[in-house]
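The values are calculated or read from the model by the stated rules, or taken from the named source; none is laboratory data. Quick caveat: nothing in here was measured; it's all calculated off a predicted structure. We place every Cβ from the backbone using ideal geometry, glycine too, and count neighbours over all the protein chains shown.
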Amino acid sequence: MTRAVLELASTKGIGVLVNRPLNAVVGRGMVRLADFPDAPASPADRQLETVRALEAEYRREIAAHLRVGPDSDKPESFLRWADQLAGVRGRIASVTYWEQIEWQVRGLTTHVVGALDGGITGDLARRWRAWRDRYVPELDRLLDAFRAEAGLRSQEQSRAITAAVDPRLPPERRGATLSQKALWTLASTPGVSTVLVGMRRPAYVEDATAMLGWPPLADVRPVYEAIRSLRLAES
């Protein structure tokens, strides 16, 4: 007789931990089970031009005066985020997709800025620091603007999931956030011992802990069936 994994684990006294439950795999992509409220941000088009102008200033006023070895990357190739981000903008289908890009941008920028902080000397160092202090905040605003755009696209998926799930939930829980509904359903699933959530921000902690006192959902099966029937775009 074939038994489900959760059922088998329960009969054997084995605990089951659900890890990173808000990242749902859809085909080859990922859908975040969360809500994405409108976030104020600088308009991306205007912010792209601001960052593009600053990067052109860097190439003209700073990179043109730097000397590196023949096997080193040219300073002019550093910090060209405006053009690169503009090139991928149309392919950013969700916050999950955007976060992969943002992580790379922030990591590489930190590396380049640190290297130039330590490598530039003399009067050029003063000009570099003045430019850096203008550039980094503007790049942060650009990344925030792209995140806000990605959030709007992710919220379309979240609305579709909510519309499918809410009719299967008690009326008093339909006003909860999508992440709370997801965590509650998982924690209520027979055989699941622990739901492990990565909470990097205070807002994540407040959202997740708000459902700790809820009684278990009596029947989780209709929720899973509703999700299984959905057709969401991969991202």
- From the set of residues in region 63-75 that are assigned to a helix (DSSP H, G or I) and surrounded by 15 or more Cβ atoms within 10 Å (Cβ to Cβ), which is nearest to the chain's Cα centre (by Cα)? Pro75
- Message: I'd like the residue in region 128-165 that is among the aromatic types (Phe, Trp, Tyr) and crowded, with 20+ Cβ neighbours inside 10 Å and, out of all such residues, is farthest from Ala182 (Cα to Cα).
- Response: Trp128
- Which one is farthest from the chain's Cα centre (by Cα) among residues in region 93-103 that are over 11 Å from Ala148 (Cα atoms) and among the β-branched types (Val, Ile, Thr)? Ile101
- Query: Picking from Arg20, Arg80, Arg106, Arg60, which residue would you name as being of a type in the set (D, E, K, R), within 30 Å of Thr162 (Cα to Cα) and either surrounded by 10 or more Cβ atoms within 10 Å (Cβ to Cβ) or under 16 Å from the mean Cα position of the chain (by Cα) (or both)?
  - Reply: Arg20
- Message: Suppose we keep only residues that are of a type in the set (Ser, Thr, Tyr) and under 18 Å from Glu55 (Cα atoms) within region 109-127. Which one would you say is surrounded by the most Cβ atoms within 10 Å (Cβ to Cβ)?
- Response: Thr109
- Item | Sole residue being outside the structural domain of Thr96 (by TED's automatic domain parsing) and in contact with a helix residue (DSSP H, G or I) (Cβ under 8 Å, 6 or more places away or on another chain), chosen from Ser179, Ser188 | Ser179
- Note on the structure: Out of (1) of a type in the set (A, V, I, L, M); (2) closer than 27 Å to Ser158 by Cα; (3) in contact (Cβ under 8 Å) with a residue 40 or more places away in the chain, the one Ala86 does not meet is (3)
- Query: Does Arg52 satisfy being outside the structural domain of Gly198 (by TED's automatic domain parsing), of a type in the set (D, E, K, R) and within 29 Å of Ala208 (Cα to Cα)?
  - Reply: no
- Note on the structure: Residues of region 217-235 being part of a loop (DSSP other than H, G, I, E, B), without any contact (Cβ under 8 Å) to a residue 40 or more places away in the chain and farther than 22 Å from Glu172 by Cα, in sequence order, are Arg231
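Got at least one residue in region 197-216 being part of a helix (DSSP H, G or I), in contact with a Pro (Cβ under 8 Å, 6 or more places away or on another chain) and touching a residue at least 60 places away in the same chain (Cβ under 8 Å)?
no
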- Restricting region 90-113 to residues that are touching a residue at least 60 places away in the same chain (Cβ under 8 Å) and of a type outside the set (A, V, I, L, M), the residue that is nearest to Arg153 (Cα to Cα): Ser94
- Note on the structure: Residues of region 114-140 being within 15 Å of Arg80 (Cα to Cα), among the charged types (D, E, K, R) and in contact (Cβ under 8 Å) with a residue 24 or more places away in the chain, in sequence order, are Glu138
- Only one residue in Leu152, Leu143 is assigned by TED's automatic domain parsing to the domain that holds His65, over 19 Å from Thr110 (Cα atoms) and not charged (D, E, K, R), so which one is that? Leu152
- Query: Somewhere in region 176-190, is a residue surrounded by 13 or more Cβ atoms within 10 Å (Cβ to Cβ) and over 17 Å from Leu22 (Cα atoms)?
  - Reply: no
